[in-house]
There are 2 protein chains.
Amino acid sequence: MSEHIVSAFDQELTDMAGKIAEMGGLAERAFADAVSALVSQDLELARTTIRQDERLDALHHEVEVKLIEMIARRQPLGQDLREITAATRIANDLERVGDLAKNVAKRAIAIDSGLQSKKLAIGVEHMTELALSQLKQVLDAYTRKDAEAARRVQEADAEVDAIYTSIFRELLTYMMEDPRVITQCVHLLFCAKNIERIGDHATNIAENVYYMVTGERLPEERTKMDETMGPA
Amino acid sequence: MSEHIVSAFDQELTDMAGKIAEMGGLAERAFADAVSALVSQDLELARTTIRQDERLDALHHEVEVKLIEMIARRQPLGQDLREITAATRIANDLERVGDLAKNVAKRAIAIDSGLQSKKLAIGVEHMTELALSQLKQVLDAYTRKDAEAARRVQEADAEVDAIYTSIFRELLTYMMEDPRVITQCVHLLFCAKNIERIGDHATNIAENVYYMVTGERLPEERTKMDETMGPA
């Protein structure tokens, strides 16, 4: 294979990483805006966030088509193949993050009143900051092909899970104390679960970045003990 | 391209469809077993269902690798490309169905008591029957390349959504009436949501089958009015 061809393919891979980074930017933005709309009860922001998900879906579709075309034309092997496989999976994860953010924005509208409890708002915002920071770090690790940074993102997921567990319990307590807040709290529970799942997607991405760079599997995250589900 | 090559590729496509059907069988089984474990509080069945998800994940991985290899080797276009793209997406959806079923099985263990309410059990079982029937029908439509059958599956999703809405309301009512059932009802809410999402995956698969067969997009499902998120 001539130098020329190899370098053209490298350029294509770089362009693809750029598209993935663009998807990442949209997903981060949607996530941050959705939670902001929820906490501050900004319905206009919620509606904008819902609409903007179309852009992310369109970009995902474009990336999918381009990746298939690249595989067919380049028949990549080894490192190149790993980069394309990773890009495919990361694009899927980012599209899912967008869907989860959209769902939070929809629930911000459904709740129809902000987070009454200051403590609860702090919990949700803290969880969001952490998950958002994971997402940013893992996208950065992807761009820099930094396996070590990806590994750190995987490790940090336990903290998001711990906050989720604490929010879950707090919400149950509120519901037990005052039946009038049950509907609101149920929507918040689903929002918190969505944020926790965004953290899981960041972890998936971390695992794919690690594999892309090293060709080896990151050891499984410690067996996930979701305290909200067991052994209750 | 010689007849021989074409026919070898057709054979590969048929084998791939067989693998997808096998994934479909595992996903259906996991879903049915998880709900059965939930309704009858069969913890052993719940644990088996959780363990079996590994097989579906492994099969998904195998399918992914094989699909990339087929694209690289065959450089498919037109109908062939659509079949491979559809297979990729359908395999993703089935893997997600397996995850959702696993989550229901985990919650069956967390709940630690069956569905106390006969009415609620009937609702969950009815919703499951419908979603399971959609899944079976769409996998059958995939195998038979039947666009019309796929379109009917898309239409039927509204019914699953309607039952979800009714279960959602019923669960909220129980929680308001008796704070002691709140934790249990929250897990059931998540289970019902998971079942509703399995219905959504069946719809996604239907859209991909339709596109695979006809090369045209199925008109979007009517704007989804999830009443549980409506003006709460």
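The values are calculated or read from the model by the stated rules, or taken from the named source; none is laboratory data. The structure presented is a predicted model; accordingly, all values stated were derived computationally and were not measured. Methodologically, a virtual Cβ is constructed for each residue, glycine included, from the backbone with ideal geometry; neighbour enumeration extends over all protein chains shown. The accessibility values were calculated without ligands, DNA or RNA, using every heavy atom of the protein model including side chains. Shrake-Rupley method; radii C 1.70, N 1.55, O 1.52, S 1.80 Å.
If the condition is being open to solvent by 20 Å² or more (accessible area, probe 1.4 Å) and more than 9 Å from every other protein chain (Cβ to nearest Cβ), then region A:177-195 contributes A:Asp178, A:Val181. Inclusion of A:Ile205 among residues that are among the aliphatic types (A, V, I, L, M), at pLDDT 95 or above and farther than 24 Å from A:Asp15 by Cβ is not warranted.
Can you tell me which residue within region B:84-124, out of those that are basic (Lys, Arg) and over 13 Å from the mean Cα position of the chain (by Cα), is least open to solvent (accessible area, probe 1.4 Å)? If we take residues in region B:84-124 being basic (Lys, Arg) and over 13 Å from the mean Cα position of the chain (by Cα), then B:Arg107 is least open to solvent (accessible area, probe 1.4 Å). For A:Tyr174, the conditions (1) within 14 Å of chain B (Cβ to nearest Cβ); (2) in contact with a Cys (Cβ under 9 Å, 6 or more places away or on another chain); (3) open to solvent by less than 30 Å² (accessible area, probe 1.4 Å) are fulfilled apart from (3). Here is the figure for region A:131-167: residues that are within 13 Å of chain B (Cβ to nearest Cβ) and surrounded by 22 or more Cβ atoms within 10 Å (Cβ to Cβ) total 2.
Based on what the data block shows, is B:Thr48 open to solvent by 40 Å² or more (accessible area, probe 1.4 Å), assigned to a helix (DSSP H, G or I), polar (S, T, N, Q) and touching a helix residue (DSSP H, G or I) at 6+ places or on another chain (Cβ under 8 Å)? When the stated conditions are applied, B:Thr48 passes them.
Could you tell me which residue of region A:52-95 is nearest to the other protein chains (Cβ to nearest Cβ), considering only residues that are of a type in the set (S, T, N, Q) and over 20 Å from A:Tyr210 (Cβ atoms)? Only one residue fits best here, namely A:Gln75. Is one or more of the residues making up region A:66-75 of a type in the set (A, V, I, L, M, F, W, C), within 30 Å of A:Ser117 (Cβ to Cβ), assigned to a helix (DSSP H, G or I) and open to solvent by less than 40 Å² (accessible area, probe 1.4 Å)? Within region A:66-75, none of the residues are of a type in the set (A, V, I, L, M, F, W, C), within 30 Å of A:Ser117 (Cβ to Cβ), assigned to a helix (DSSP H, G or I) and open to solvent by less than 40 Å² (accessible area, probe 1.4 Å). Restricting A:Arg82, A:Arg29 to those that are in a helix (DSSP H, G or I), of a type outside the set (A, V, I, L, M) and at pLDDT 95 or above reduces the list to A:Arg29. For region B:21-54, which residues satisfy the criterion of being polar (S, T, N, Q) and either in contact (Cβ under 8 Å) with a residue 12 or more places away in the chain or more than 16 Å from B:His187 (Cα to Cα) (or both)? Those that are polar (S, T, N, Q) and either in contact (Cβ under 8 Å) with a residue 12 or more places away in the chain or more than 16 Å from B:His187 (Cα to Cα) (or both): B:Ser40, B:Gln41, B:Thr48, B:Thr49, B:Gln52.
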